[in-house]
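Each reported figure results from applying straightforward, stated rules to the coordinates on display, with no laboratory input. Note that the structure is predicted; figures quoted are calculated from it, not measured. For neighbour counting, all protein chains shown are included, and Cβ atoms are generated from backbone atoms with ideal geometry for every residue, glycine included.
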Amino acid sequence: MLRVNDDITLQDWELSESFTRAQGPGGQNVNKVSTAVELRFEAQRSPNLPQFVKMRLRKIAGRKWTSDGAIILRVEDTRSQARNREIARDRLIEMIEKATHRPKRRIATKPTLGSKRRRMDAKTQRGAVKSLRGKVKFDD
């Protein structure tokens with residue numbers, strides 16, 4: 001059982017882990033020991049997640065969300081299998097916590113008159129600098 005917050009706990013059947021050999025540096029160990037962790041979370045079928053959290057989680061997960069509604073996290077950061085398992089679970093918890101927070105609605109504002117003037121003054125000044133870069137004409 002994995003505890004996300006006071007309201008959400010994930011059951012063992014929702015999570016499955018598989019271990020494979022990691023890529024990258026690791027010496028002889030990388031060829032012998034399966035340290036990379038692939039954590040699969042059945043997000044769509046989870047009874048503990050409200051529907052609005054599932055919708056946000058799908059957006060947050062991006063390419064990690066599969067067509068059958070699962071999230072797959074692959075971690076091969078360390079040479080330790082146990083540490084990779086912890087990292088994968090922490091990342092999953094972080095994603096779910098992020099999905100539980102409602103994003104603030106953006107309130108559209110107009111630029112102030114002072115900011116418009118400053119922008120136009122800066123454009124005029126920049127244009128003057130560029131016009132002075134032209135060829136120099138000598139009057140003989």
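Mean projected area of the convex hull spanned by the Cα atoms of the chain, taken over all viewing directions: 18.5 nm².
Per-residue counts of other Cβ atoms within 10 Å, averaged by peptide: what ranking do you get for 105-111, 69-75, 4-10, highest first? Don't skip to the end; give the middle numbers.
Details: 105-111: 6.3, 69-75: 17.9, 4-10: 13.7.
Descending packing order for the listed peptides: 69-75, 4-10, 105-111.
For segment 9-92, the share of alpha carbon pairs falling in successive 5 Å distance bins from zero is 3, 16, 23, 21, 15, 11, 7, 3, 1, 0 percent. If Lys and Arg each add +1 and Asp and Glu each add -1, what is the summed charge of the other residues whose beta carbon sits under 14 Å from the beta carbon of ARG45? Net of charged neighbours comes to -1.
The charge dipole of segment 2-100, taken about its Cα centre with unit charges on the Cβ atoms of Lys, Arg (+1), Asp and Glu (-1) only, comes to about 360 debye.
Please arrange VAL37, VAL30, VAL136 by counting, for each residue, the other beta carbons lying within 10 Å of its beta carbon, fewest first.
Details: VAL37 24, VAL30 16, VAL136 6.
Least crowded to most crowded, the residues run VAL136, VAL30, VAL37.
Under a 5 Å amide H cut-off, with hydrogens placed 1.01 Å from N, ILE8 pairs with nothing among residues at least 5 apart or on other chains.
Let me have the 222 nm mean residue ellipticity of the chain computed from DSSP H runs of 4+ only, each contributing -39500 (n - 2.57), with the sum over all residues rounded to the nearest 500. Write down the numbers at each step before the final one.
Details: 4 runs with 54 residues, N = 140.
Mean residue ellipticity, 222 nm, calculated: -12500 deg cm²/dmol.
Across the chain, the relative contact order, built from alpha-carbon pairs under 8 Å that are at least six residues apart, equals 20 percent.
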